[in-house]
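S.K.: Submitted below is the structure of interest, expressed as structure tokens.
The values are calculated or read from the model by the stated rules, or taken from the named source; none is laboratory data. The shown structure was predicted, so the numbers you read here are calculated from the model rather than taken from an experiment. So basically every Cβ, Gly included, is an ideal-geometry build from the backbone, and we count neighbours across all protein chains shown.
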Amino acid sequence: MSSPATTHTNAPVDASSTRTASPASTPASPPPRKLIIDTDPGVDDAFAIALALETMSTEVEVLGLTTVFGNVRRDDATRNARTLVEMCALAGSWRREAGARLPVVDGARAPLAALDEDDRSGAGASTADDSAVLVADFVHGEDGFGGVRGAYETRPEESAVEHRAGREAADFIAEMCAKYPGEVTVLALAPLTNIALTFRRHPECSETMGELVVLGGAFEVNGNVNPAAEANILGDPEAADEVFGAFERTFVVGLDVTTRVRLSGAEIERLETVLRDADAVSPPRRCSNLLRAFLHDATQFYKAYHLRVADFDGIYVHDPTALLLALPHVRDAVFTFRRGAVRVALARDCARGAVFLDARRAWLFRNAWSDRPRVSVAMDVDVDAALRELRARLGV
Ligand code: BDR
Ligand code: CA
């Protein structure tokens, strides 16, 4: 293990649209997108958060992180999100002004079905009982960071995190969307409970939210929890089905695409190399040495999981690939979308959590997809272009 540096409105794309040949990063950059990352960190979440905070300051302005159960319990998700923000602040890269603090806001501790049950007794999403929640410790380690969190956790005198107890993720998202109508992209990297609660409690968000990017689903490939379902969707199928029915400006990327975007074992090893000019390279900016060392160490457990279940030396970079969809200029150059209504199988049988895209729509009779918004689902990717974006920012 490396020793931690202790001092240290785009309209949805039409079905027929295809990638353009232009390079992913163009010189004429649009103004930064305002971004909220809803997350359950998670090793691949950590890559996405580090990339957004440390390497995309000209492309995105992160307004806050909201946390949810998933890879780990919600309390660990919050702790991990805080750890990442503190590390990024130590590395000095995300803070626009001295003393600025980034909101990390607690979200749901359990899926909608359990919360609905709890609501009868008056508990909130943020305080609900999470004793029945299943976590992915066999993928991300017990702490979500491959067992290395303790080595990287800092307690700075002046925290870079604004952690407001009592405020919930859904309310924070709605507040930001109201403050910046049409400008906020929500990047959902975890079960969709917080996002479903946002639309339930604040229906105006279907107007005020700019875009929603979802990492989830397996449309034409097998799932990764079982043949039918991908982890984020199976984490809360009811929430996913509500969200896909709530908001048209949604971009979804699932395992069809993300399992093709892989970092190799050799690239992960290169994260350990100390780059002398890490901060000087622009564009794009690269991740700091501290974060690269952390990502290297946290990834070892995650990598072993891939070797065991997918038989390759390396990792899928699910959540960072979803982050690329939040950058419209990259999204349009790198991904090919199909539009249609998406539904999630909700029966408690072997197909629970499976997703179905209606890309056809010309049915003679009404069905469960009729009258649902047409969202954009990434079905193809220019793998080299996606990896170019990620490798350059990671410095590998
Ligand atoms: C998704 O599940 C989690 O393990 C990852 O963080 C990612 O969001 C992939 O299925
Ligand atoms: Ca995740």
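S.K.: From the list Arg79, Arg74, pick out the single residue that is out of contact with any Ser or Thr (no Cβ under 7 Å at 6 or more places or on another chain) and within 16 Å of ligand 2 (Cβ to nearest atom).
M.R.: Unique residue meeting the criteria: Arg79.
S.K.: Something else about it: Quick one: Thr299 ticks every box in (1) among the hydroxyl-bearing types (Ser, Thr, Tyr); (2) more than 19 Å from Leu192 (Cα to Cα); (3) more than 16 Å from ligand 1 (Cβ to nearest atom); (4) crowded, with 22+ Cβ neighbours inside 10 Å except a single one, so which number is it?
M.R.: (3)
S.K.: Also: How many residues are under 24 Å from Asp130 (Cα atoms) and either within 16 Å of ligand 2 (Cβ to nearest atom) or in contact with a Lys or Arg (Cβ under 6 Å, 6 or more places away or on another chain) (or both) if we restrict to the range 217-236?
M.R.: Summing the residues that are under 24 Å from Asp130 (Cα atoms) and either within 16 Å of ligand 2 (Cβ to nearest atom) or in contact with a Lys or Arg (Cβ under 6 Å, 6 or more places away or on another chain) (or both) in the range 217-236 gives 11.
S.K.: Right, another one. So Val214 fits all but one of (1) within 16 Å of ligand 2 (Cβ to nearest atom); (2) among the β-branched types (Val, Ile, Thr); (3) touching a helix residue (DSSP H, G or I) at 6+ places or on another chain (Cβ under 6 Å); what number is the exception?
M.R.: (3)
S.K.: Go through the residues of the range 20-32 one by one and say whether even a single one is crowded, with 21+ Cβ neighbours inside 10 Å and at pLDDT 85 or above.
M.R.: The answer is no, given that none of the residues of the range 20-32 is crowded, with 21+ Cβ neighbours inside 10 Å and at pLDDT 85 or above.
S.K.: Output the number of the condition that Phe301 fails; it satisfies all remaining conditions of (1) under 23 Å from Asn80 (Cα atoms); (2) of a type outside the set (Val, Ile, Thr); (3) touching a strand residue (DSSP E or B) at 6+ places or on another chain (Cβ under 7 Å).
M.R.: Phe301 satisfies all of (1) under 23 Å from Asn80 (Cα atoms); (2) of a type outside the set (Val, Ile, Thr); (3) touching a strand residue (DSSP E or B) at 6+ places or on another chain (Cβ under 7 Å) except (3).
S.K.: If you take the residues of the range 308-324 that are in contact with a Ser or Thr (Cβ under 9 Å, 6 or more places away or on another chain) and among the aliphatic types (A, V, I, L, M), which of them is modelled with the lowest pLDDT?
M.R.: Applying the filter and picking the extreme gives Ala310.
S.K.: Right, next: Among (1) crowded, with 16+ Cβ neighbours inside 10 Å; (2) modelled with pLDDT under 95, which single condition is Thr83 missing?
M.R.: Going through (1) crowded, with 16+ Cβ neighbours inside 10 Å; (2) modelled with pLDDT under 95 one by one, Thr83 breaks only (2).
S.K.: Go through (1) surrounded by 24 or more Cβ atoms within 10 Å (Cβ to Cβ); (2) more than 20 Å from Ile37 (Cβ to Cβ); (3) more than 16 Å from ligand 2 (Cβ to nearest atom); (4) not β-branched (Val, Ile, Thr) for Met379 and report which single condition fails.
M.R.: (1)
S.K.: Let me ask something else about it. Could you say which residue among Ala354, Ala333 is surrounded by 18 or more Cβ atoms within 10 Å (Cβ to Cβ), at pLDDT 95 or above and either in contact with a strand residue (DSSP E or B) (Cβ under 6 Å, 6 or more places away or on another chain) or more than 22 Å from Leu112 (Cβ to Cβ) (or both)?
M.R.: After applying the criteria, what remains is Ala333.
S.K.: Can Thr154 be described as closer than 26 Å to Arg73 by Cβ and among the polar types (S, T, N, Q)?
M.R.: For Thr154, the condition - closer than 26 Å to Arg73 by Cβ and among the polar types (S, T, N, Q) - is met.
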